[in-house]
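This report concerns only the one structure given below.
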Amino acid sequence: MIVGKVVGSVVATRKNERLLGSKFMIVEPLKNMDNNGRIIAVDNVGAGIGETVLVALGSAARIGCAMNEAPVDAAIVGIIDNSIGL
Amino acid sequence: MIVGKVVGSVVATRKNERLLGSKFMIVEPLKNMDNNGRIIAVDNVGAGIGETVLVALGSAARIGCAMNEAPVDAAIVGIIDNSIGL
Amino acid sequence: MIVGKVVGSVVATRKNERLLGSKFMIVEPLKNMDNNGRIIAVDNVGAGIGETVLVALGSAARIGCAMNEAPVDAAIVGIIDNSIGL
Amino acid sequence: MIVGKVVGSVVATRKNERLLGSKFMIVEPLKNMDNNGRIIAVDNVGAGIGETVLVALGSAARIGCAMNEAPVDAAIVGIIDNSIGL
Amino acid sequence: MIVGKVVGSVVATRKNERLLGSKFMIVEPLKNMDNNGRIIAVDNVGAGIGETVLVALGSAARIGCAMNEAPVDAAIVGIIDNSIGL
């Protein structure tokens, strides 16, 4: 997983029907994380813009959020409220 | 997922038979996205050149687009029509 | 897998319920490893800050740690106590 | 998927038995593709050196080429014969 | 897959029990391969330090080496003994 900040959201009216009802947030990974840039992640925990979140990537996002059949490869799965060494 | 712009398409007459009927679009990720360059994505929503799209990567593309047995690792799954902070 | 050093941890009170009880460690990959930066990994072996660990990524983390249905894409699966050429 | 050029091949006499009969091609991704360098891909369509090909990565290669139990993470799945904007 | 050179090994006495008996080799990918650095790969073919090997990544390593339930995301699956254009 990586930690990032929610910096926005995108809306797609025309989309794969298995994505109906999903909210797509733009996550900017923290600078020292293993990532090259922003990710669009489905929100699984009710995260808002400005919050620091935990993002799961790959099949973990899809299966871990019970969206097994949806085209989802990233999901916000936690809101960080404490940390050591971040 | 990442957001990118459809900038072209490729045609492969000789191909894996499970790809018959698929349309392969060239997607250029937006500059600040987590990607090193262009992706060839199967079109799942009727996207055209110049449109800004949502792309699912990995097994999410294959399974989320009901192409479970096809050699597909990227799919256009939405057309972006609104955004905050993109 | 990659080898890294545990440099901290994060806490998320609000999170996906399948992550309840998991401990999230911040792992800094060794400089010459195939990674761009830090990873948040679930601890599967009781690793502490400062230890050099083996981290499995992707579906291997989820399935290999018997967390098949959890949104986990990285796990600490060993503590390195000897090496040649690291 | 990515598009690349077949630039060579490798032979491994001693190998995992599930790879028996597979042909391993070296593919150099086109410069603007989402890749850091060359990939070794199993040939699924009879591609030759110098041809421009479509390569599927990850589980898509394995499952999409009906090699579900083989250690294959990349496969040539089409030969590009036409394109717009490549 | 990628091609690399075995440059060392690591030992983890305390580890996930599904890794018991596995040998962890350090593989340095060849310079022009699609990788940012070293990988720790399970040895599936009896590779030694200094040998040039074929490495499968992701679920292909786990499933292709019949370690379906182990936290393994990279495996040495062949020893390169001949090549064109490498």
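Placing R0 at 45 angstrom, the Cβ-Cβ distance between E:Glu17 and D:Asp81 gives a FRET efficiency of 0.30 after rounding to 0.05. Each other copy places its own label point for B:Asn82 at 3.9, 3.9, 6.2, 6.2 nm from this one, sorted shortest first, where the point lies 7 Å along the Cα-to-beta carbon line.
For region C:42-58, putting each phi into the Karplus relation 6.51 cos²θ - 1.76 cosθ + 1.60 with θ = phi - 60° gives couplings of 6, 8, 10, 9, x, 7, x, 4, x, 7, 9, 10, 9, 10, 9, 10, x Hz, in residue order, rounded to whole numbers and with x for Gly and Pro.
Within the shell defined by Cβ-Cβ distances under 14 Å, the residues around D:Ala74 carry a net charge of -3, with Lys and Arg each +1 and Asp and Glu each -1. Which whole-angstrom value gives the distance between the alpha carbon centres of region B:22-73 and region D:1-40? Spelled out, the Cα-based centre of one part sits 22 Å from the other.
Using C-alpha pairs under 8 Å with a sequence gap of at least 6, the mean separation divided by the residue count of chain D gives a relative contact order of 31 percent. With both residues required to sit in the protein assembly as shown, DSSP beta bridges show an antiparallel share near 90%.
For the protein assembly as shown, the solvent-accessible area with a 1.4 angstrom probe is 36 square angstrom per residue. Quick one: grab the alpha carbon gyration tensor of the protein assembly as shown, order the square roots of its eigenvalues as a ≥ b ≥ c, and give me rounded if a/c is under 1.5, else prolate or oblate depending on whether a/b is larger than b/c. Judged from the Cα gyration tensor, the protein assembly as shown comes out oblate (a/c at least 1.5, b/c at or above a/b). Distances between equivalent label points of D:Gly48 across the copies, with each point positioned 7 Å along Cα→Cβ, amount to 4.0, 4.0, 6.4, 6.4 nm, shortest listed first. Its DSSP H runs of at least 4 residues, each contributing -39,500 (n - 2.57), put the calculated 222 nm mean residue ellipticity of the protein assembly as shown at -1500 deg cm²/dmol, to the nearest 500.
For the set D:Lys23/E:Lys15; B:Lys15/D:Lys31; A:Lys31/B:Lys23; C:Lys5/E:Lys5; A:Lys23/D:Lys31; C:Lys31/E:Lys31, the pairs lying more than 26 angstrom apart at their alpha carbons are D:Lys23/E:Lys15; A:Lys31/B:Lys23; A:Lys23/D:Lys31. Apply the Debye scattering formula to region E:2-79, with a single equal point scatterer on each alpha-carbon and no solvent, then give log10 I(q)/I(0) at q = 0.14, 0.16, 0.18 Å⁻¹. Here the Debye-derived log intensity ratios amount to -0.39, -0.51, -0.65.
Residue by residue along A:46-53, Cβ atoms of other protein chains within 10 Å of the local Cβ number 1 on average.
Each Lys or Arg adds one and each Asp or Glu takes one away; over the other residues whose Cβ falls under 10 Å from the Cβ of B:Gly37, this sums to 0.
Neighbours of C:Val53, meaning other residues whose beta-carbon lies under 14 angstrom from its beta-carbon, give a summed charge of +1 when Lys and Arg score +1 and Asp and Glu score -1. Copy-to-copy label distances for A:Gly21, where each label lies 7 Å from Cα along Cα-to-Cβ, are 2.8, 2.8, 4.5, 4.5 nm in order of increasing length. Charge dipole (Cα centre; +1 on Lys/Arg Cβ, -1 on Asp/Glu Cβ; no other charges) of region E:2-79 amounts to roughly 160 debye.
The values are calculated or read from the model by the stated rules, or taken from the named source; none is laboratory data. On a predicted model such as this, the values are computed, not experimentally measured, just so you know. With ideal geometry, Cβ positions are generated from the backbone for all residues, glycine too; neighbour counts draw on all protein chains shown. Each accessible area value is taken on the protein alone, full model and side chains, heavy atoms only, with ligands, DNA and RNA left out. Shrake-Rupley method; radii C 1.70, N 1.55, O 1.52, S 1.80 Å.
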